[in-house]
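Worksheet: the structure to be examined is printed underneath.
Taken together, the values in this text are just the output of simple stated rules run on the coordinates, not laboratory data. Quantities reported herein were computed from a predicted structural model and do not represent experimental measurements. Counting neighbours? That spans all protein chains shown, and the Cβs are built from the backbone with ideal geometry, glycine included.
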């Protein structure tokens, strides 16, 4: 059970969820349209990824209005940031720290 | 796509790529943050000069210099909304803020109750600028090489009209303050308070300051920066010379011009 693979987080094994957490770790708090552009994904997979990560407490979602238009903002929680850091550390241990 | 798994090397590459893109996306905010630091430094310099001068004729400078500071806070919030990113500042930012506030309080205390050396106002403002500008400058250096995404340059009609109105207000408050008349000074101070209240109450409405900031691209931010530069740069000489009404009007027009011009529609090239 000491192999770093056991430290990988199940919730971050899919590309969209992992990229979403990585974007929010850098940006802290981003709106839906910006995340869609940063991750280069369609609305549906992004919505599913946000719902999943929100359900396990890695993300927080809120609506804000500007100029009469509501926008959805997503932020990483402390648990989410720690989970991403642990997941990336495990990936680096497995790969020897190189993206390949 | 949402459920497919990634190779470990691909996963690390994806994390690095997304982080770089997110950092590049924040570069406009960091440039604005750097400008804000220079702007705050300029304001504190002007404020300490006025305080040290102990001359009632130039106390009105504080009334002239205050509106852009109040306005810029709400405009910056709009810029964050436009960029689609709101940074939750970390400990370093709050430490810099606490030191900056302490420096300002010490500066006020020394200037009001002590005998500050002549260089005191010259040092205090730039020190505030350095404190507030260090973090955005470091972030810009860290993300250098990434594309800076400012977004569409086209300004909406509402944004253009509101920006010209804002330019007119800043020009008016500068010109009114430069007259140096006690009644006019009172009017300017009243407007300052009204702007502060209005910007807090209605900042996210369609015509609010936050919405104006959200509509601005690089061109309008440069226009606003030049407007503030003219306003702060000209405030002391114009006020100290007990300006002729024509000079005061010219000063107001010079203040309003850069922002107003930046909001005008561009001709297709």
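Helix-only estimate, please: 222 nm mean residue ellipticity of chain B, summing -39500 (n - 2.57) across DSSP H runs of length 4 or more and dividing by its residues, to the nearest 500. Walk me through the numbers before you get to the answer.
On the way: 10 runs with 207 residues, N = 269.
My calculation for chain B gives -26500 deg cm²/dmol from helical runs alone.
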Express the Stokes-Einstein translational diffusion coefficient of chain A in µm² s⁻¹, to the nearest whole number, given a Kirkwood radius over alpha-carbon pairs, 37 °C and a viscosity of 0.692 mPa s.
231 µm²/s
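List B:169, B:94, B:39 from most exposed to least, where exposure is judged by having the fewest other Cβ atoms within 10 Å. Don't skip to the end; give the middle numbers.
Details: B:169 16, B:94 10, B:39 22.
Least to most surrounded, the residues fall as B:94, B:169, B:39.
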Calculate, in nm to one decimal, what residue B:205 and residue B:108 gain on full extension: separation in residues at 0.36 nm each, minus their alpha carbon distance.
31.3 nm
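Taking 45 Å as R0, compute the FRET efficiency from the Cβ-Cβ separation of residue B:264 and residue A:43 and round it to 0.05. Write down the numbers at each step before the final one.
On the way: r = 36 Å, r/R0 = 0.81.
After rounding to 0.05, the efficiency reads 0.80.
Over region B:1-140, what number does the Rg to Rh ratio reach, with both radii from the alpha-carbon atoms and Rh per Kirkwood? Could the numbers behind the result be given before it?
On the way: Rg = 20.5 Å, Rh = 17.6 Å.
Rg divided by Rh gives 1.16.
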The rounded separation in angstrom of the Cα centers of region A:56-87 and region B:83-138 is 31 Å
Can you tell me the length gained on complete extension of the stretch residue B:218 to residue B:53, counting 0.36 nm per residue apart and subtracting the Cα distance?
55.7 nm
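For the pair residue B:244 and residue B:142, what calculated FRET efficiency results from E = 1/(1 + (r/R0)^6), where r is the Cβ-Cβ distance and R0 = 51 Å, to the nearest 0.05? Intermediate results must be reported in sequence, preceding the final value.
On the way: r = 50 Å, r/R0 = 0.98.
Efficiency at R0 = 51 Å is approximately 0.55.
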With a Förster radius of 45 Å, plug the Cβ-Cβ distance of residue B:197 and residue A:86 into 1/(1 + (r/R0)^6) and report the FRET value to the nearest 0.05.
0.40
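Multiply the residue gap between residue B:16 and residue B:253 by 0.36 nm, knock off their C-alpha separation, and tell me the result in nm, one decimal place.
Roughly 80.4 nm would be gained on extension.
Using only the Cα atoms of region B:94-167, construct the convex hull and provide its projected area averaged over every direction, in square nanometres to one decimal. Could the numbers behind the result be given before it?
On the way: hull surface 34.4 nm².
Averaging across all directions leaves 8.6 nm² for the Cα convex hull.
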On the first, second and third principal axes, largest extent first, how far apart are the outermost C-alpha atoms of chain B in Å?
72, 47, 35
Largest first and in whole Å, give the semi-axes of the protein assembly as shown's equivalent ellipsoid, each being the square root of 5 times a Cα gyration tensor eigenvalue.
46, 24, 16
Alpha carbon convex hull of region B:9-89, projected area averaged over orientations, nm²:
6.6 nm²
